[in-house]
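Bear in mind these aren't lab numbers, they're just calculated from the coordinates by the rules spelled out. Since we're looking at a predicted model, the values are computed, not measured. We place every Cβ from the backbone using ideal geometry, glycine too, and count neighbours over all the protein chains shown.
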Amino acid sequence: MARRGTKAVIPNKCNRILPFSFNKTVYRSRNKVERAFNRLKDFRRIFTRYLEAPTESLPEAWRANLDPLDEAARARRVCDFVAGMTDRFALQEHARLFGSPAELRP
């Protein structure tokens, strides 16, 4: 790792013979980054489901000017709707669409 210029972020296993040093602060902030990526994955799943069946998923006001043949416009419309969701509403939609409750994390 030293040749590549990388530093250890994950702590040693208890049975490691030659332990290396790691930064506890960076390790703790790594968790926040992982949670942010998981939240992005949740939003991506919602976007994909809405894009597959926008007439069933989107509210009527958002379906009004939806052209079923124009995929780019449909994707933009769905993206705008998902981007406007609050976190709490997105979690409720995730649970409704996929049956698995995603948790609201700080």
Kirkwood Rh, angstrom, the chain [1 / mean 1/r, Cα pairs]: 17.0
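Treating the beta-carbon of each Lys and Arg as +1 and of each Asp and Glu as -1, no other charges, what is the dipole magnitude of the chain about its Cα centre, to the nearest 20 debye? Before the final figure, lay out the partial values.
Values: 22 positive and 12 negative charges, 250 e Å.
Dipole magnitude for the chain comes out near 1200 debye.
Among Leu97, Leu40, rank each residue by its count of other Cβ atoms within 10 Å, from fewest to most, as a rough exposure measure. Don't skip to the end; give the middle numbers.
Details: Leu97 14, Leu40 10.
Going from least to most buried by this count: Leu40, Leu97.
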For Lys24, which lysines qualify as cross-link partners when the Cα separation must be under 17 Å and same-chain residues fewer than eight apart are set aside? Lys7, Lys13, Lys32
Just in the chain: which GluC sites (Glu not before Pro) are loop by DSSP and have at most 15 other Cβ atoms within 10 Å? Glu103
If you project the alpha carbons of region 36-98 onto their three principal axes, what span does each projection cover, largest first, in Å? 33, 20, 19
Acute angle (nearest 10 degrees) that the helix 71-83 long axis makes with the longest principal axis of the chain, alpha-carbon atoms: 60
